[in-house]
Structure formats: C-alpha cells, structure tokens
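Down below is the structure, laid out as structure tokens.
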Amino acid sequence: MRAGSQGPRSSRGLKESGKERQKTGKRNKSLSKGRSGSLRAGSESERRLPNDVAFVLRNSAAWAARTVDGRVLCSGDATRGGDMKDVEDRLQRGVVQLYGNEFAFAALTAEGSLVTWGHSIYGGDSSSVADQLFEVKDVANTEFAFAALRASGDVVAWGDPFRGGAPPPETAELLEEVISLKATGGAIAALKSNGSVLAWGAANGGGDTSLVEAELSGELPVMQLFRNGYAFAALRKDGSLVTWGSPDQGGDSSAVANQLRRGVMHVCGTEASFAALKSDGSVVCWGNPYRGGDSSAVASKLAGDVLGVCSTLGAFAAVKTSGAVVTWGLKHCGADSSNVAEQLAAGVIELRGDGRSCFTAKTTTGEHVTWGGEDQEESAAAGAVEAGSTNGVRVEYCTGEGVPLTVYPRQSIMGAVRTWSFLT
C-alpha cells in the first residue's frame, strides 16, 4: 500500500477544521459547457437541473451531480471541486458513484477506476497514486483526504497527510486484506479480514488507537465498524463494543462500559454521540450530552422493547415493539416530536433519519410523518419527497462530520454523509 500526499505539512487536527469549513468561495452561476448552475435549497436554479440528474453531492461551496447515464456535472468554487475541466473528458459516461469532502470530489466508474478533482492538497489531486486507483470498490473520506479500498483488499490514501491522507509507514505496511473502511471528519479506520482494526489520521478524530490497541488486535475479532464525526466504535464477535476518538464526542465510553460488555447488536451515531441497541431491546447512549449522548429524560422508555434506532446530526429516534417512537437530543434536529406525538404513539413500521436534521416515520396506514429541521419548510420538503408526492432529487452533504442516512428496518445504505431531499 502506498499513500500519496501533497502540499505544505500542518499539525492542525480535526477540531480546527470548523474555521476552514466556513471559508466559502463564490459560486459559478453559468450554465455553460454542460455544467448546471449554483445549487442551493430553495433557489430557482435547482429547478433548472437537467431532467436526467440522479443525485447531487455537495459541500459548502461546490457541488457535483451524476446523471442516470453516468455523466458528471459540477459547479461552484473551483478550489472546492466546482471546476472539473482537467478531468472532464473522463466524466462523460460510466460513473456509478460520487464521493466528496469539503474541498474535493471523486468519481467511481463502472470499471473500478477513480477520478478526482478539486483542491490539490485535500484530495483533488490524486496523481501521486493514480497508477493504483483501479479495481476500486469503495471510498472513505475525511473532510481533508480520501482512502480507496481495492478489490484486492489493499488501501490507497491521498490528501492531507495529518487527517487521513497518509497512514504512517508502520500502519501502511499492514493495510492488506481490508474488507471495509470508515471515516470521521479527520481519521480513517480499516477493518481487516482477520478481525483486526487499523486507524490513522487526527488523533482527536479517531486516528490514535493506542488506548485500545489490544482490543482491536483481532484476537477477539471485530465484526463491524461504526462512526460519528469524531469517534469510532467497533463491535466484536462476543457482542462487546470498543470505542476510541475524541473522548467527549463518543470516543470515551467508560461511563457505560459495563453495559457495552455484551449483547450489543447495532450502533448508531449523531455528529458527536453514539447509541447502542442491545439484544434485550435496551438502548445505551454516551458522548456529547446535547447531541443525543444523554438519554436520561427518556431512560424508562429505552429500558427495553426497542426494535431500532435512527439518527440525525444531533438527535436519535427509536422505534418500539408497540410502534411508538421515542426521541431525544437537540430539539431542532428532531428530538422535539411534540407536534406529531399523537401520530407517533403507535403503528410506526418504518423510521428514517436523513443524516441532517429531519426524521420521517411510515405508519401502518401508509401515512408519512416528518418532523425536525431548522425550519418548517425544510421538514415539509423532506416529508413530501418521502411520501412520493414530488419528483425529488436527493442531495448528499459530503461534510466529513456528517452521519449516514439511517433507516429502520435496517438495510444496506451507502454514504457517510449528510443527506436530505428537497422539492424540484
């Protein structure tokens, strides 16, 4: 495995990334050369997207779209991935998946090759590893770097060397027979076929496993990795859970360690906390108390009979065997379900967290109930698309500190990104 990196070396870690996220460039509003105009929720330009656009991936200053025939369009700040002229000829057909961070995008083709563009330091320039980016089957990204998992089990990384773009030599030489990758905002973790786990990147984002090295050695195999914006959680074969990363954001689970020693079935994360569903139907929470890490207000409702848990950036929602829904965390991220309490009292058969700030529940009557969001318009838009009343274009936010779209009943859904839908 060989890792590539470019640009000036910096010792800045994950928590300093907020200032960089606030720097946005001017958006290109032209519709020339096959590129759509600026895309912003609620704007007229989103309605001018070509009819064949399947979905859009965006960061805070640029966006990329994939059409149904695998063509890529983009616009926005050129330093954030809004200009793909250097690779445009390779993006005219055959693209099956888009990935992105706050500064760059990557497109996976049907043949397994990967094409990148955007900020050269933060993943847009993959020329140093271009000869290795073939037979790619998945990609993980922090806010500043990318890592590609190849069919051979090898891993190729590039971008900011301190935040996932360059694993240290002692880690790089062990990156083989990898079966899955997960990423926080500043670090990447790799699960190997022998059940061991390796991680690299910003220490306060999960890149340092020294405190749990023995637990991740594979002696007791890790079966699945989970993540939030700042920490990782590893579910082992015996049902125990191991966590590491930013202590206050879910990396330190010592306060609930006894409850995580056995029986864990699934883990769900907000931006800065975790919730673990156990085999006895109970839910255990830890991490940032304001973003779902404190469930004391609903503890009695989470003591048993829970079937599934979903999340947004700042809240959790749990479905019980009765079909009732329990919510907690940040109010504007979906923790406040008081306006739809009667509809959520029973009969919910599916629950979806959009990875941003809205939840949608489907009831036995076929009704879709949506709540959360910073304003009513956002919640209503998400609900309308869920109900199938509009032709929605799915927009995925590729900020590394986002959380995956989650659904109960659980199913395989790709994307460690913020996701929401809006009207067209």
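The values are calculated or read from the model by the stated rules, or taken from the named source; none is laboratory data. Bear in mind that the values here come from a model prediction, so they are computed numbers and not experimental data. All Cβ positions, even for glycine, are placed from backbone atoms using ideal geometry, and neighbour counts span all protein chains on display. Areas reflect the complete protein model, heavy atoms only, side chains present, ligands, DNA and RNA absent. Shrake-Rupley method; radii C 1.70, N 1.55, O 1.52, S 1.80 Å.
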How many of the residues in segment 356-378 are surrounded by fewer than 16 Cβ atoms within 10 Å (Cβ to Cβ) and part of a loop (DSSP other than H, G, I, E, B)?
6
If you go through segment 282-289 one residue at a time, do you hit one that is open to solvent by 20 Å² or more (accessible area, probe 1.4 Å), under 17 Å from L351 (Cα atoms) and either part of a loop (DSSP other than H, G, I, E, B) or of a type in the set (S, T, Y) (or both)?
no
Residues of segment 169-208 being in a strand (DSSP E or B), open to solvent by less than 60 Å² (accessible area, probe 1.4 Å) and not β-branched (V, I, T), in sequence order, are S180, L181, A183, A187, A189, A190, L191, K192, L198, A199, W200, G201
Subset of segment 232-256 that is of a type in the set (G, A, S) and either without any contact (Cβ under 8 Å) to a residue 12 or more places away in the chain or in contact with a Ser or Thr (Cβ under 8 Å, 6 or more places away or on another chain) (or both) - its residue that is nearest to G207 (Cα to Cα):
G245
Residue tally, condition without any contact (Cβ under 8 Å) to a residue 24 or more places away in the chain and assigned to a helix (DSSP H, G or I), over segment 290-303:
3
For segment 156-168, which positions are surrounded by fewer than 24 Cβ atoms within 10 Å (Cβ to Cβ) and more than 14 Å from F144 (Cα to Cα)?
P168
Criterion first (surrounded by 24 or more Cβ atoms within 10 Å (Cβ to Cβ), of a type outside the set (G, A, S) and out of contact with any Phe, Trp or Tyr (no Cβ under 6 Å at 6 or more places or on another chain)) does C268 satisfy it?
yes
Any idea which of (1) in a loop (DSSP other than H, G, I, E, B); (2) open to solvent by 30 Å² or more (accessible area, probe 1.4 Å) is the one L211 doesn't satisfy?
(1)
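Condition first: aliphatic (A, V, I, L, M) and either within 21 Å of T209 (Cβ to Cβ) or assigned to a loop (DSSP other than H, G, I, E, B) (or both). Now tell me which residues in segment 129-147 satisfy that.
L133, A140, A145, A147
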Looking at segment 234-280, what strands (runs of 3 or more DSSP E) fall wholly within it and have at least 2 residues that are more than 21 Å from the chain's Cα centre (by Cα)?
none
Could you please let me know if S210 is polar (S, T, N, Q) and closer than 23 Å to R236 by Cα?
yes
How many of the residues making up segment 327-355 are open to solvent by 30 Å² or more (accessible area, probe 1.4 Å), touching a helix residue (DSSP H, G or I) at 6+ places or on another chain (Cβ under 8 Å) and not in a strand (DSSP E or B)?
1
Residue match in segment 179-194 (condition: in contact with a Pro (Cβ under 8 Å, 6 or more places away or on another chain) and free of Cβ contacts under 8 Å to residues at least 40 places away in the same chain)
yes
Filtering segment 217-229 down to residues that are open to solvent by less than 20 Å² (accessible area, probe 1.4 Å), within 14 Å of S193 (Cβ to Cβ) and either assigned to a strand (DSSP E or B) or of a type outside the set (G, A, S) (or both) yields V222, L225
Note: among G123, G153, just one is assigned to a helix (DSSP H, G or I) and open to solvent by less than 10 Å² (accessible area, probe 1.4 Å), namely G123
Output the number of residues of segment 299-326 satisfying the condition of being closer than 20 Å to V264 by Cα, among the β-branched types (V, I, T) and open to solvent by less than 20 Å² (accessible area, probe 1.4 Å).
4
What are the residues in segment 84-96 that are in contact with a Ser or Thr (Cβ under 9 Å, 6 or more places away or on another chain) and open to solvent by 10 Å² or more (accessible area, probe 1.4 Å), if any?
V87, R90, R93, G94, V96
Find the strands (runs of 3 or more DSSP E) located wholly in segment 5-117 whose residues include 2 or more that are at pLDDT 95 or above, and list them.
95-100, 104-109
Residues (closer than 17 Å to V156 by Cα, touching a helix residue (DSSP H, G or I) at 6+ places or on another chain (Cβ under 6 Å) and among the hydrophobic types (A, V, I, L, M, F, W, C)) located in segment 83-117
A104, V115, W117
Which of the residues spanning segment 126-146 are out of contact with any strand residue (DSSP E or B) (no Cβ under 7 Å at 6 or more places or on another chain), surrounded by fewer than 23 Cβ atoms within 10 Å (Cβ to Cβ) and of a type outside the set (F, W, Y)?
S127, A130, D131
